[in-house]
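These notes are about the structure you will find just below.
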Amino acid sequence: MASKKRRFGAIRKLPSGRFQARYPGPDGVMRPAPETFRTKTDAERWLVKIEAQISDGRWLDPAEGKTTVSDWADRWYASASAELKPKTRALYEGLIRLWIKPQLGAYPLKSVRPITVAEWIASLRKKGLSPSRIRSAYRVFSQIMRSAVDNDMIAVTPCRGVKIPRLPDTEPHILTDEEVRRLIGAMAVPHDLLVKLLAYAGLRIGEAFALRRKDVLLDHGLLMVDEAVEEINGHHAWGTPKSHQKRILTLPGFLVAELRDHLKSDVGGGEDALLFIGNTGKVLRYNDWRRAHFDKAVKKAGLSDVTPHDLRATHATWVADRHGVMAAAKRLGHSNASVTTRHYARVVDGRDADVAKTMHSEHQAAAGVGKAANGTSDAPDADLARNWHEDDDDGTAGALVPV
């Protein structure tokens, strides 16, 4: 009696006694199963599973999964880098070349498992890489593997359930108005004006270095922030501000007046002339500027641990405190206010006591009540609140101890 022809795939018995299954892919090409089977029933069950995957669109070509991480990383970077800013491109290229390819590059995509990624992270820690650099490398690798899933190279990404180092908690140094004035007073002309733009306009340092004559609209008291410059491997790269957030800032009157004087005497005549240049007549270099001007002024002003970026965070805090987080976000060029609060704006000391005092005053005014009969007031003491804080290090959560 003739055997019934199979509806999908084919099975044959090998001289070893095991069974081999073959099946047609969506392209019609016959492919063997990656392993042989002990019984014919096992082979048939496997074919049923493959047929269902093809029918549901879940089937992946086994040959695609054999592509190495190194080869796929190159393809991913070539396609993704065009949309990246120059500094980000250089960062990604370095991470792939130095930390991803050497240890993971030879793996076929389908062979990378979550444990493989966890072991890779552990090895980077042993090499002494900072948590920030490890997290950056992991994010790039995660994007590479996600693109492999999106392109049907593998079914799922191995970047799941993997613990990566936490970043240490770092807080920006928020300066007081008096400290900013001291710092500016210690700066030489015209670098004092550059620092004022960081503190009173919230510019990034690369945005300040890139300012041109045409960006200052004196008649309207406005500043166009539409360009930024950064250094990559010793060379300057020009582009739009971070996250491509161009913006127009309204400047305080004193800054408009100082910019007017600066444009008259210290800036070239062309519309593209830079507002601030180095001794060579070209755009400033960040590290050189820090050493020659900013860091010396910080020390002279009696300050420590202050960076140009702290002035942007200081500006964000001032604006958020007086005009709200949304106003600060718009001024800094953030599309999302959560970025402002997470990385820049901080609560000004004593504000919690000020809030309570204001609420007390408004309540008393609404109730028509002045001071208590004994001449004292129940309003909170803001000065006292500033000198105490909650501390539970000794196990007494909520106890007030003097600062």
> How many residues are among the acidic types (Asp, Glu) and either assigned to a helix (DSSP H, G or I) or touching a Lys or Arg at 6+ places or on another chain (Cβ under 7 Å) (or both) when one looks only at region 296-314?
Replying inline: 1
> Give me the pairs: first residue in region 304-322 and touching a residue at least 60 places away in the same chain (Cβ under 8 Å) and farther than 14 Å from Arg290 by Cα, second residue assigned to a loop (DSSP other than H, G, I, E, B) and of a type in the set (D, E, K, R), beta-carbon distance under 7 Å, and six or more apart or on different chains, which are they?
Replying inline: Arg312/Arg204; Thr317/Arg346
> Can you find even one residue in region 220-235 that is assigned to a loop (DSSP other than H, G, I, E, B), modelled with pLDDT of 90 or more and assigned by TED's automatic domain parsing to the domain that holds Lys330?
Replying inline: no
>> Residue pairs, Cβ under 7 Å, 6 or more apart or interchain, first in region 137-152 and at pLDDT below 90 and of a type outside the set (Phe, Trp, Tyr), second part of a helix (DSSP H, G or I) and surrounded by fewer than 17 Cβ atoms within 10 Å (Cβ to Cβ). List them.
In response: Asp152/Glu64
> Taking into account only those residues within region 91-148 that are more than 17 Å from Asp71 (Cβ to Cβ) and not in a helix (DSSP H, G or I), which is farthest from the chain's Cα centre (by Cα)?
Replying inline: Arg113
> Got a sec? Which of Pro131, Pro114, Pro102 is surrounded by fewer than 15 Cβ atoms within 10 Å (Cβ to Cβ) and touching a Leu at 6+ places or on another chain (Cβ under 6 Å)?
Replying inline: Pro131
> Taking region 229-243, which residues are out of contact with any Asp or Glu (no Cβ under 8 Å at 6 or more places or on another chain) and touching a residue at least 60 places away in the same chain (Cβ under 8 Å)?
Replying inline: Glu230, Ile232, Asn233, Lys242, Ser243
> Is at least one residue of region 174-184 in a loop (DSSP other than H, G, I, E, B) and among the aliphatic types (A, V, I, L, M)?
Replying inline: yes
> Which numbered condition trips up Phe254, out of (1) surrounded by 11 or more Cβ atoms within 10 Å (Cβ to Cβ); (2) assigned to a helix (DSSP H, G or I); (3) not β-branched (Val, Ile, Thr)?
Replying inline: (1)
> Applying the selection to region 155-172, what residues are under 15 Å from His309 (Cα atoms) and either buried (at least 17 other Cβ atoms within 10 Å of the Cβ) or at pLDDT 95 or above (or both)?
Replying inline: Pro172
> Any idea which of Asp177, Asp261, Asp272 is surrounded by fewer than 14 Cβ atoms within 10 Å (Cβ to Cβ), under 22 Å from Ala320 (Cβ atoms) and either modelled with pLDDT under 85 or not aliphatic (A, V, I, L, M) (or both)?
Replying inline: Asp177
> Which condition number does Gly206 fail, the rest of (1) under 20 Å from the mean Cα position of the chain (by Cα); (2) part of a loop (DSSP other than H, G, I, E, B) being met?
Replying inline: (2)
>> Filter region 47-69 down to the residues that are at pLDDT 85 or above and buried (at least 16 other Cβ atoms within 10 Å of the Cβ) and list them by number.
In response: Leu47, Thr67, Thr68, Val69
>> Of all residues being assigned to a helix (DSSP H, G or I) and touching a residue at least 60 places away in the same chain (Cβ under 8 Å) in region 275-295, which is surrounded by the most Cβ atoms within 10 Å (Cβ to Cβ)? Just the residue, please.
In response: Phe294
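The values are calculated or read from the model by the stated rules, or taken from the named source; none is laboratory data. Fair warning: this is a prediction, and the values are worked out from it, not measured in the lab. Neighbour counts are summed over all protein chains in view; Cβ atoms, including those assigned to glycine, are modelled from backbone coordinates with ideal geometry.
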